[in-house]
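Below you'll find the structure, written out as structure tokens, and then a few comments.
The values are calculated or read from the model by the stated rules, or taken from the named source; none is laboratory data. The structure presented is a predicted model; accordingly, all values stated were derived computationally and were not measured. Neighbour counts run over all protein chains shown; Cβ positions are idealised from the backbone, glycine included. Heavy atoms of the whole protein, side chains included, go into the accessibility calculation; ligands, DNA and RNA do not. Shrake-Rupley method; radii C 1.70, N 1.55, O 1.52, S 1.80 Å.
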Amino acid sequence: QVQLVESGGGLVQAGGSLRLSCAASGRTISRYVMGWFRQAPGKEREFVAAIMSGGGRTFYADSAKGRFTISRDNDKNTVYLQMNSLNPEDTAVYSCAAEANFGFLTMSFADYDYWGQGTQVTVSS
């Protein structure tokens with residue numbers, strides 16, 4: 001059993017930056033693929049980024065490339081999402097997730113086994 005808790009969300013002006021954190025407890029996530037998803041009001045949940053267990057391989061949605069960076073610190077059992085050049089279209093609840101069974105990068109939310117409660121990111125014009 002893994003518990004995931006996101007933090008770092010809040011209100012930021014367009015063009016600003018935020019760094020989200022996902023702290024895991026219950027067991028180590030060092031061998032899990034980790035991902036970030038987001039969901040805006042009235043829209044479907046969408047994939048943002050994923051990272052392999054070793055941290056060397058990453059995958060990003062087109063909307064995130066060049067602006068967002070996913071990273072992890074396995075010693076701290078924590079995953080991060082650095083978000084730069086934010087715009088109002090980035091406003092959403094951001095959730096982290098862990099894939100514990102297969103170990104491959106995936107953008108499908110159905111492949112992930114554990115989820116955090118989400119943290120709100122609001123970008124003002």
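Brief remarks follow.
- Checklist (1) touching a Cys at 6+ places or on another chain (Cβ under 7 Å); (2) not in a strand (DSSP E or B) applied to Cys22, failing item: (2)
- Single condition Phe102 does not satisfy, out of (1) modelled with pLDDT of 95 or more; (2) open to solvent by 60 Å² or more (accessible area, probe 1.4 Å): (1)
- Leu86 being in contact with a Ser or Thr (Cβ under 8 Å, 6 or more places away or on another chain), under 18 Å from Thr119 (Cβ atoms), part of a loop (DSSP other than H, G, I, E, B) and of a type outside the set (D, E, K, R): yes
- Residue, least open to solvent (accessible area, probe 1.4 Å), within segment 105-125, restricted to residues that are part of a strand (DSSP E or B) and closer than 11 Å to Leu20 by Cβ: Val121
- The residue that is nearest to Val121 (Cα to Cα), counting only those in segment 44-68 that are in contact (Cβ under 8 Å) with a residue 40 or more places away in the chain, open to solvent by 80 Å² or more (accessible area, probe 1.4 Å) and assigned to a loop (DSSP other than H, G, I, E, B), is Arg45.
- Which listed residue is in contact (Cβ under 8 Å) with a residue 24 or more places away in the chain, open to solvent by less than 50 Å² (accessible area, probe 1.4 Å) and over 15 Å from Ala97 (Cα atoms), from Gly15, Gly9, Gly35: Gly9
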